[in-house]
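S.K.: One structure, as structure tokens, below. Some questions next.
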Amino acid sequence: MNMSKDGYSNNNSSRWIVPVTLIGEQVMLEPLTMEHIPGLQEAAQDGALWRLWFTSVPAPDQTTNYVQTALAMAEQQVALPFAVRDRQSNTVVGTTRFCNIDNKNHRLEIGYTWYARRCQRTAINTEAKLLLLTHAFEQLNVIAVEFRTHWHNQASRRAIERLGAKQDGVLRNHHQTAEGVYRDTVVFSIINSEWPAVKQHLQHKLTQYQV
């Protein structure tokens, strides 16, 4: 199979979702590559994020495998992973991705999102979500975007609610973690009819970060 530099197949003719770079004022979302590994390792060390038991942030020695797995999901057309770059410092500060892509029904999830601790609850996350949601609803014409998080990840649940997403429900004993513990997953979503109001809300939130 003919592969491109980023690890994706060069045959994109049948893909609904293809690699794209999304650029905002604060952040740039770049298609994830193996070259982003050192930046992700450094970002995760800000807050030792892999030690939070309710997240899936890779430890430094697991980052290569984490990226390889993300690229394999991209090749299978079930995900599109991004590195999140802070444009002011020109450093990689985290990652996010489109995942659980449903080509038939034009639905997807935004997940696997994490940032260096210094970037949490800043304009970086708000603008990254605005870029992703705008691309999803206005270029990909999705009918719904989901967000999922661990029941015990209260910070993530509040962050998703602040975006304007509504809680759909809780998947009890949804899946087993690496430690063998069954996790309850909280599911949120934004549907296409809600997008104009959510977009206006996120644009307003960004003005609040301006000095």
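The values are calculated or read from the model by the stated rules, or taken from the named source; none is laboratory data. As the structure is a computational prediction, the values presented were derived from the model and not from experiment. No Cβ is skipped: glycine too gets one built from the backbone with ideal geometry, and neighbour counts run over all protein chains shown. What goes into the accessible areas is simple: the full protein's heavy atoms, side chains included, and nothing from ligands, DNA or RNA. Shrake-Rupley method; radii C 1.70, N 1.55, O 1.52, S 1.80 Å.
S.K.: Give region 78-99 a look and list any residue that's open to solvent by 10 Å² or more (accessible area, probe 1.4 Å) and hydrophobic (A, V, I, L, M, F, W, C), or say none.
M.R.: So the first thing to find is which residues in region 78-99 are open to solvent by 10 Å² or more (accessible area, probe 1.4 Å), and the list is 78, 85-92.
Val78, Val92 - these are the residues of region 78-99 that are open to solvent by 10 Å² or more (accessible area, probe 1.4 Å) and hydrophobic (A, V, I, L, M, F, W, C).
S.K.: Now a separate question. Consider region 31-74. How many of its residues are touching a strand residue (DSSP E or B) at 6+ places or on another chain (Cβ under 6 Å) and either among the polar types (S, T, N, Q) or open to solvent by 30 Å² or more (accessible area, probe 1.4 Å) (or both)?
M.R.: 2
S.K.: Return the only residue of Ala43, Ala70, Ala83, Ala74 being within 22 Å of Lys129 (Cα to Cα), among the small types (Gly, Ala, Ser) and assigned to a strand (DSSP E or B).
M.R.: Ala83
S.K.: Kindly provide the set of residues from region 189-211 that are over 20 Å from the mean Cα position of the chain (by Cα) and among the β-branched types (Val, Ile, Thr), ordered by number.
M.R.: Selection gives Thr207, Val211.
S.K.: Just checking, does region 165-182 include any residue being open to solvent by less than 10 Å² (accessible area, probe 1.4 Å) and touching a Lys or Arg at 6+ places or on another chain (Cβ under 7 Å)?
M.R.: No, because not a single residue in region 165-182 is open to solvent by less than 10 Å² (accessible area, probe 1.4 Å) and touching a Lys or Arg at 6+ places or on another chain (Cβ under 7 Å).
S.K.: Right, something else. For the subset of region 135-153 comprising residues that are part of a helix (DSSP H, G or I) and touching a Phe, Trp or Tyr at 6+ places or on another chain (Cβ under 9 Å), which member is surrounded by the most Cβ atoms within 10 Å (Cβ to Cβ)?
M.R.: Ala136
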